[in-house]
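Q: Provided herewith is a single structure, encoded as structure tokens, for subsequent inquiry.
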Amino acid sequence: MRAEVEKVISIRHWNFARYYVLGETGNGLFTFRRRAYVAYLKAYPNVMSKSAAKASASRLMRKPHIQAAIQWQAVILNGENRGITLYPDTAIEIWEALRELGSFRANWAPWWVKSRWEDEGVSG
């Protein structure tokens, strides 16, 4: 069924996640309070106002696929992706790849992904 197919993460959302992680791990480029909206301004350069960027960045940060993309970008930028040559396109693929890597970041997966893992463990 079409509703069950997960959407691919857009390039702008990947860019937002990368800029967010760069702001977090960078050399003091961003402060903790500013990094989400500054990352939004870099990913979406046509934004007209700072308040619009702050509101949109706040909404984006609540999306599960953005949270997954941020975790994956952190893995890439920290060089933790040993053995994974394919790049995931969806949030579930990201969580599965993090689980395969044995990354501590897989602990931050949403409850529905974790429940799926538990169901696999019970049946397998």
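All of the numbers you see were taken from the coordinates with simple rules; none came from a lab. Only a predicted model underlies this, so the values are computations on that prediction, with no experimental measurement involved.
Q: In percent, how large is the relative contact order of segment 32-124, given Cα pairs closer than 8 Å and 6 or more residues apart?
A: Relative contact order, segment 32-124: 19 percent.
Q: Amide H neighbours of ALA109 under 5 Å, counting only residues 5+ apart in sequence or on other chains, H built in-plane at 1.01 Å?
A: none
Q: Now a separate question. Any lysines with Cα under 27 Å of the LYS42 Cα? List them, leaving off those in the same chain fewer than 8 positions away.
A: By straight Cα distance, LYS42 reaches LYS7, LYS50, LYS54, LYS63.
Q: When every alpha-carbon pair in the chain is counted, what percent end up more than 20 Å apart?
A: The calculated P(r) of the chain puts 48 percent of pairs beyond 20 Å.
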